[in-house]
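J.: Following this message is one structure expressed as structure tokens.
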Amino acid sequence: MKVVEASPRPLVVEDLRVRYGGVVAVDGVSFSIEPGRCLGIIGANGAGKTSTLKAVMGLVSRSCSAMMLGDVDLAKVRSRDVVRHGIGYVPEGRHVFGGLTVQSNLELGAYSQRRVDPARLEEVYTLFPVLAEMRTRLAGALSGGQQQMLAIGRALMSGPDLLILDEPSMGLSPKLVGQVLESLLALRERGLSILLVEQNAWLTFEATERCLVMENGTVALEGESSQLRHDPRVRRIYLGL
Ligand SMILES: Nc1ncnc2c1ncn2[C@@H]1O[C@H](COP(=O)(O)OP(=O)(O)O)[C@@H](O)[C@H]1O
Ligand SMILES: [Mg+2]
């Protein structure tokens, strides 16, 4: 069994809305990700990126006209079952268990399966050799970049078709951001679908094929990453001009 294999199931999200009391965080966002494709969502702090991801994971109450993973209606799936349906989630801020070993952290990522698949564990170690070298070390002793690899590796342990990442570059040096990019490209190569949320536009344009630019809970701009990279409107939206 492989950690990642091409999914025949697209993710389709239509007219997504999230509000927190009187605050409208996501205001009618639509996007889709075809199997094996990589979509980026960039935008300034507070644009609604995290809320969009949490809505897909069922972690916040939301409304939408459609939220489907293949023929699975995610709007009806309890948040604790979303992982079992094939979505891996790397939340903002990593949240590895610092007092547990690297290997225990990875094994915990397989909680939605009934047991840890040794082949899957070995494949994560192949993807991230640094984790293999440190498998018996406490996760708290790892550098920020290594902890980010661990958080990604842990999400892969459930054998997802789609990997969702929330600002994996946050707090990392440019060199480590480069390492995150390498690992995302390696996952793409293996046919995993990816939804990448970032404030780092450079990383997102390098890692993805298509991209949404969010502003105030809406999609302000959308297109191919290679084109958006040169679009002066991206800068304007970021700077809030
Ligand atoms: N739990 C919450 N309660 C109230 N408002 C929230 C909560 N989480 C986020 N918000 C607000 O929703 C908006 C979008 O936040 P968020 O989705 O975290 O944006 P981003 O990830 O793009 O920075 C912001 O105005 C933020 O202050
Ligand atoms: Mg966020």
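The values are calculated or read from the model by the stated rules, or taken from the named source; none is laboratory data. Computed from a predicted structure; not experimentally measured. So basically every Cβ, Gly included, is an ideal-geometry build from the backbone, and we count neighbours across all protein chains shown.
J.: Any idea which residue in region 40-52 is nearest to ligand 2 (Cβ to nearest atom), counting only those that are of a type in the set (A, V, I, L, M) and either closer than 10 Å to GLY217 by Cβ or surrounded by fewer than 24 Cβ atoms within 10 Å (Cβ to Cβ) (or both)? Break it down into steps so the answer makes sense when it comes.
T.: At the first step, the residues of region 40-52 found to be of a type in the set (A, V, I, L, M) are 41-42, 44, 47.
Pick out the ones that are also either closer than 10 Å to GLY217 by Cβ or surrounded by fewer than 24 Cβ atoms within 10 Å (Cβ to Cβ) (or both) and you get 44, 47.
Numbers: ALA44: 10, ALA47: 8 Å.
Checking each candidate, the answer is ALA47.
J.: Give the number of residues within region 58-86 that are of a type in the set (S, T, N, Q) and part of a helix (DSSP H, G or I). First the steps, then the outcome.
T.: Residues of region 58-86 of a type in the set (S, T, N, Q): 61, 63, 65, 79.
Narrowing further to those that are part of a helix (DSSP H, G or I): 79.
The qualifying residues number 1.
J.: A follow-up question, please. Of GLU209, GLU189, which residue is away from ligand 2 (no atom under 16 Å from the Cβ), of a type in the set (Asp, Glu), closer than 28 Å to GLY28 by Cβ and over 13 Å from the mean Cα position of the chain (by Cα)?
T.: GLU209
J.: Continuing with this model, one more query. Starting from region 87-107, keep only residues that are among the aromatic types (Phe, Trp, Tyr), then list their pairs with residues that are in a loop (DSSP other than H, G, I, E, B) whose Cβ atoms are within a distance under 8 Å, requiring at least 6 positions of separation or different chains.
T.: Filtered contacts from region 87-107: TYR89/MET57.
J.: Could you list, in sequence order, the residues of region 28-38 that are away from ligand 2 (no atom under 16 Å from the Cβ) and assigned to a strand (DSSP E or B)?
T.: Those that are away from ligand 2 (no atom under 16 Å from the Cβ) and assigned to a strand (DSSP E or B): GLY28, SER30, PHE31, SER32, ILE33, CYS38.
J.: Taking the stated definitions as given, is ALA66 among the small types (Gly, Ala, Ser), away from ligand 2 (no atom under 12 Å from the Cβ) and crowded, with 16+ Cβ neighbours inside 10 Å?
T.: No; evaluated as a whole, the condition is false for this residue.
J.: Further, regarding this structure: Please go through region 109-124 and give me each residue that is touching a residue at least 24 places away in the same chain (Cβ under 8 Å) and assigned to a helix (DSSP H, G or I), ordered by number.
T.: If the condition is that a residue be touching a residue at least 24 places away in the same chain (Cβ under 8 Å) and assigned to a helix (DSSP H, G or I), then ALA119, ARG120, LEU121, GLU123, VAL124 are the ones that fit.
J.: Here's a follow-up. Looking at region 163-186, which of the residues that are of a type outside the set (A, V, I, L, M, F, W, C) and within 16 Å of ligand 2 (Cβ to nearest atom) is nearest to SER143 (Cα to Cα)?
T.: If we take residues in region 163-186 being of a type outside the set (A, V, I, L, M, F, W, C) and within 16 Å of ligand 2 (Cβ to nearest atom), then GLY171 is nearest to SER143 (Cα to Cα).
J.: Select, from GLY144, GLY93, the only residue that is surrounded by fewer than 22 Cβ atoms within 10 Å (Cβ to Cβ), of a type outside the set (Phe, Trp, Tyr) and under 14 Å from the mean Cα position of the chain (by Cα). It would help to see each step written out before you state the result.
T.: On the way: GLY144 fails: under 14 Å from the mean Cα position of the chain (by Cα).
From the options GLY144, GLY93, the qualifying one is GLY93.
J.: Determine whether ALA55 is within 15 Å of ligand 1 (Cβ to nearest atom), modelled with pLDDT under 95 and at negative phi.
T.: no
J.: So is ALA55 in a helix (DSSP H, G or I), touching a strand residue (DSSP E or B) at 6+ places or on another chain (Cβ under 7 Å) and not polar (S, T, N, Q) or not?
T.: Yes.
J.: While we're on this one: Does SER183 fit the bill of being polar (S, T, N, Q), surrounded by fewer than 17 Cβ atoms within 10 Å (Cβ to Cβ), away from ligand 1 (no atom under 16 Å from the Cβ) and touching a residue at least 24 places away in the same chain (Cβ under 8 Å)? Working first, answer last.
T.: Working: polar (S, T, N, Q): yes; surrounded by fewer than 17 Cβ atoms within 10 Å (Cβ to Cβ): no; away from ligand 1 (no atom under 16 Å from the Cβ): yes; touching a residue at least 24 places away in the same chain (Cβ under 8 Å): yes.
Taking the combined requirement at face value, the residue does not satisfy it.
J.: Also, quick follow-up: If you go through region 27-47, how many residues are over 19 Å from THR208 (Cα atoms) and within 7 Å of ligand 1 (Cβ to nearest atom)?
T.: The qualifying residues number 3.
J.: Here's another thing I want to ask about it. I'm checking my understanding of the structure. Among residues of region 199-214 that are modelled with pLDDT of 95 or more and surrounded by fewer than 23 Cβ atoms within 10 Å (Cβ to Cβ), which one is farthest from GLY22 (Cα to Cα)?
T.: Ranking the candidates gives GLU206 first.
J.: Looking at ALA110, is it among the small types (Gly, Ala, Ser), away from ligand 1 (no atom under 16 Å from the Cβ) and under 19 Å from SER32 (Cβ atoms)?
T.: Numbers: among the small types (Gly, Ala, Ser): yes; away from ligand 1 (no atom under 16 Å from the Cβ): yes; under 19 Å from SER32 (Cβ atoms): no.
No.
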